[in-house]
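Since the structure comes first, as structure tokens, the remarks are kept for the end.
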Amino acid sequence: MRQIARTARTRRRGTATAALVAAALTASLMAGCTSGDRPSDDGRGQTHSRSQEPDQRESEGHDPMSAGSALAVKIDNVRAARPQTGLEAADIVYAEQVEGGLSRLMAVYATRLPKAVGPVRSARESDLELLRQFDEPTLAFSGAQGKLLPLIDKAPLNAESPSSAASGAYYRGAGKAAPHNLYLRPQRLLDAAPGAAALTTGFRYGAAPEGGTPADSRTVRFPSARFTFTWDADRHAWLVSMDGTPALATDGERLAAPTVVVQYVKVRESRFHDVLGNNSPYTQTVGSGRAQVLRDGRVFEVEWRRGSAADGTDFTTADGTPVNFAKGQVWVVFATA
């Protein structure tokens, strides 16, 4: 019943009137509008409007504080957005290419929920394919370009933008200028972390495979961004740097992940553009190709395969042996094949 109610709620968001959308923009994002034919993003973009009052949603069987599925949050990754909040608590951090060759993150939470996450930014079309591997996940995002909203409405997920989420789920933080200051309180969307069973990614954890090449660091470059992972034997993890700067949590601790995956995928043009007319890249995560798995100070050359959007991704050696990840956070960087 919970899934039916959530799906119905996301369908109804697509029927909200233009007046409600404008009101949501004014109240939640405090920014100007773009034309319905123009793409939009975050502080300047469009968000879902609440189509029912909370008491109506509850009468239909929807519990806005229920857990059970993973939480995915779109996170800003330009210099003005750093340091980000809550990344260290994520089970998985995906790094994807966006307009202008810049990068954006999607953090997935299942085993624990931080007090806050952000800065939250907008969704992209390829996020919908990536998220199909989870069982009706909750997607937290600041907004989306107008023509993408109907696709979000139809996707099998629980979409929660500032105008549709429970009261107080989003807030504007101090110290950063808009649109780099929108944050989420995850506990306002989920009353508890759903647990590791919600991570239906196909990832396997355990002993490292044989072989591999010793490595001190690995850098992945986008046209206008780069990620560097440096092995730290004391922490038994790869220290994260972004655009040449060490990545820190808000408490000053260096971000680090026991496993990093560099997954080579097709990155093509999508049907959408940003407000400046730049095409929004589509990162294709269904298919197959090569990848590199970084763990234990070594790089393993592997193959990846994802048969359909509803499937997780298998990582294997050349002879088909499944590749285990180290226990703990995983970063997946989608590099252009």
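Quick look at the numbers
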{"read-out": "Matching residues, the stretch 199-222, being open to solvent by 50 Å² or more (accessible area, probe 1.4 Å) and modelled with pLDDT under 95", "value": "Glu210"}
{"read-out": "Residue within the stretch 324-333 that is of a type outside the set (S, T, N, Q), at pLDDT below 95 and surrounded by 17 or more Cβ atoms within 10 Å (Cβ to Cβ) present", "value": "no"}
{"read-out": "Leu71 touching a Leu at 6+ places or on another chain (Cβ under 9 Å), among the hydrophobic types (A, V, I, L, M, F, W, C), within 20 Å of Gly173 (Cα to Cα) and touching a residue at least 24 places away in the same chain (Cβ under 8 Å)", "value": "no"}
{"read-out": "Filter pass, Ala309 being of a type in the set (A, V, I, L, M) and either surrounded by fewer than 18 Cβ atoms within 10 Å (Cβ to Cβ) or assigned to a loop (DSSP other than H, G, I, E, B) (or both)", "value": "yes"}
{"read-out": "Count of the stretch 223-244 residues which are surrounded by fewer than 17 Cβ atoms within 10 Å (Cβ to Cβ) and either assigned to a loop (DSSP other than H, G, I, E, B) or over 19 Å from the mean Cα position of the chain (by Cα) (or both)", "value": "8"}
{"read-out": "Val262 in a strand (DSSP E or B) and in contact with a Pro (Cβ under 6 Å, 6 or more places away or on another chain)", "value": "no"}
{"read-out": "For Val260: the one exception among (1) modelled with pLDDT of 95 or more; (2) on the phi > 0 side of the Ramachandran plot", "value": "(2)"}
{"read-out": "Given (1) within 15 Å of Phe334 (Cβ to Cβ); (2) open to solvent by less than 20 Å² (accessible area, probe 1.4 Å); (3) modelled with pLDDT of 95 or more; (4) of a type outside the set (A, V, I, L, M), index of the condition Ser280 fails", "value": "(3)"}
{"read-out": "Some residue of the stretch 121-132 being farther than 21 Å from Ala257 by Cα, open to solvent by less than 10 Å² (accessible area, probe 1.4 Å), in contact (Cβ under 8 Å) with a residue 60 or more places away in the chain and of a type outside the set (Gly, Ala, Ser)", "value": "no"}
{"read-out": "Criterion (at pLDDT below 95 and not aromatic (Phe, Trp, Tyr)) met by exactly one of Met30, Met106", "value": "Met30"}
{"read-out": "Single unsatisfied condition, Lys266 versus (1) open to solvent by less than 40 Å² (accessible area, probe 1.4 Å); (2) under 30 Å from Pro150 (Cα atoms)", "value": "(1)"}
{"read-out": "Residues located in the stretch 176-196, provided they are closer than 17 Å to Arg104 by Cα and surrounded by 19 or more Cβ atoms within 10 Å (Cβ to Cβ)", "value": "Pro179, His180, Asn181, Leu182, Tyr183, Leu184"}
{"read-out": "Tally, over the stretch 174-221, of residues that are within 16 Å of Val261 (Cβ to Cβ) and of a type in the set (Phe, Trp, Tyr)", "value": "2"}
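Residue-by-condition table, conditions (1) in contact with a Lys or Arg (Cβ under 9 Å, 6 or more places away or on another chain); (2) within 20 Å of Ala196 (Cα to Cα):
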residue	(1), (2)
Gly287	yes, no
Gln292	yes, no
Glu303	yes, no
Gly307	no, no
Ala326	yes, yes
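The values are calculated or read from the model by the stated rules, or taken from the named source; none is laboratory data. Keep in mind the model is a prediction, meaning the values are calculated, not measured. A quick note on method: Cβ atoms are made from the backbone with ideal geometry, for glycine too, and the neighbour counts reach across all protein chains shown. Protein only, heavy atoms only, side chains kept; ligands, DNA and RNA dropped before computing areas. Shrake-Rupley method; radii C 1.70, N 1.55, O 1.52, S 1.80 Å.
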